[in-house]
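Here's the structure, in structure tokens; my notes come after.
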Amino acid sequence: MSDAAGLIQFLNAIAEFAKGKEVTAPSVSPVWQRELLSARHPPRITCLHHEYEQVLDTNNDDANSTPIQKPFFLGPKEIRAIRNHLPPHASASTFEVLTACLWRCRTRALALDPNNTVRVSCFVNGRNLPGLIVPHGYYGNAITNPAAVAKAGKVCSFPLEYTVELVKMAKPQMTAEYFKSVADLMVIKGQPSYTVAGNFMVSDVRRLGLDTVDFGWGKLVYGGTAGAFPTLSFYMNFKDGIVVPICLPEPVMERFEEELKKMTKEPFDGSVDHRPPKITSML
């Protein structure tokens with residue numbers, strides 16, 4: 001299994017057998033055709049991939065110390081408080097609002113040089129993309145993570161609506177052509193790793209079914225990942241809200257918590273200037 005959708009498919013197949021069903025094969029037959037999403041011949045990079053840019057890490061000493069883990073629960077009250085930082089006319093999904101908020105809090109906590117470039121990378125499932133043929137039951141990797149980029153100073157100081165719009169700009173980049181361009185980039189550049197410096201990656205697994213896998217033991221209390229990574233967090237269902245594990249060095253984590261408290265405190269007086277600068281480019 002290379003991505004979360006493949007893992008869920010596997011867990012559901014095991015659950016069918018665990019419940020004692022008289023079946024000789026899972027209801028969703030596995031498809032192993034990894035060559036379906038291989039690079040083209042010849043490979044060609046046709047899109048801009050900020051998420052794979054190799055940049056120098058200029059973090060301060062706090063940001064480079066040993067990381068710790070903490071989960072953060074955001075229920076309807078917290079999400080409502082974050083939305084109050086946006087103008088009344090703003091239209092954004094919970095994912096976009098939450099991602100923009102966490103990106104801002106994390107960037108502020110890292111105390112980066114305002115001129116440093118920071119990124120937020122949103123993992124997108126390509127299984128239903130028009131023009132990308134991924135059969136039902138495919139177990140291989142079918143995700144990629146287009147990134148939005150900005151100067152750290154802008155993410156920290158501009159109104160939240162500015163950061164929300166950047167997140168919105170990242171998601172539509174994910175097209176069949178973008179996915180194919182990533183596959184070609186892997187060949188041309190020798191499988192580069194994701195950008196680490198100044199990058200915050202998020203994966204929303206709330207609708208994949210991690211919390212509904214049924215082994216016959218009753219309803220799950222929780223279904224999701226055990227934690228986060230220094231540059232990667234997950235959004236998961238828990239009760240009536242969302243739980244997000246965060247992994248940061250301890251001094252940075254303390255500052256992150258304070259920033260998040262400010263964003264989720266009610267009531268918000270609305271005194272901040274909601275007018276975002278016009279975004280003419282990603283930087």
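The values are calculated or read from the model by the stated rules, or taken from the named source; none is laboratory data. Everything numeric here is computed off the predicted structure, so don't read it as measured data. Note that we place each Cβ from the backbone using ideal geometry, even for glycine, and neighbour counts take in every protein chain shown. For accessibility, only protein heavy atoms count, side chains too; no ligands or nucleic acids. Shrake-Rupley method; radii C 1.70, N 1.55, O 1.52, S 1.80 Å.
Numbers for the structure displayed
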| item | result |
| --- | --- |
| Listed residue pairs exceeding 28 Å between alpha carbons, taken from K19/K180; K19/K239; K70/K265 | K19/K180 |
| Table column - 3J(HN,Hα) (Hz), segment 156-165, Karplus curve with 6.51, -1.76, 1.60, x for Gly and Pro | 7, 10, 6, x, 4, 4, 4, 5, 4, 5 |
| Most mobile listed residue (E254, E35, E16) in the chain, GNM with C-alpha springs under 10 Å | E35 |
| Built amide H within the under 5 Å cut-off of M201, gap 5+ | S121, L232, S233 |
| Selected from D204, D57, D184 as most flexible by GNM, with the chain as the system and alpha-carbon contacts under 10 Å | D57 |
| Net charge of neighbours whose Cβ lies under 14 Å from the Cβ of C156, counting Lys and Arg as +1 and Asp and Glu as -1 | +4 |
| Globularity ratio of segment 4-264, using Cα Rg and 2.2 N^0.38 Å | 1.08 |
| Backbone HN-Hα couplings from phi across segment 213-221 [Karplus 6.51/-1.76/1.60, Hz, Gly and Pro as x] | 4, 10, 8, x, 9, x, 5, 5, 7 |
| Solvent-accessible area of W103 with every protein chain in place, 1.4 Å probe, in Å² to the nearest 10 | 0 |
| Local net charge near K239, Cβ-Cβ under 15 Å (Lys/Arg +1, Asp/Glu -1) | 0 |
| Per-residue HN-Hα couplings for segment 176-192 [Karplus 6.51, -1.76, 1.60; θ = phi - 60°; Hz; x = Gly/Pro] | 4, 5, 4, 4, 5, 5, 4, 4, 5, 4, 4, 7, 5, 9, x, 6, x |
| Two-site FRET efficiency, I133 against Q54, from Cβ-Cβ distance with R₀ of 41 Å, rounded to 0.05 | 0.85 |
| I68 long-range amide H proximity, modeled H, under 5 Å | L248, E250 |
| Total formal charge among the other residues, if their Cβ is under 13 angstrom from that of H41, Lys/Arg +1 and Asp/Glu -1 | +1 |
| Highest to lowest packing among 114-122, 205-213, 131-139, scored as the average C-beta count within 10 Å | 114-122, 205-213, 131-139 |
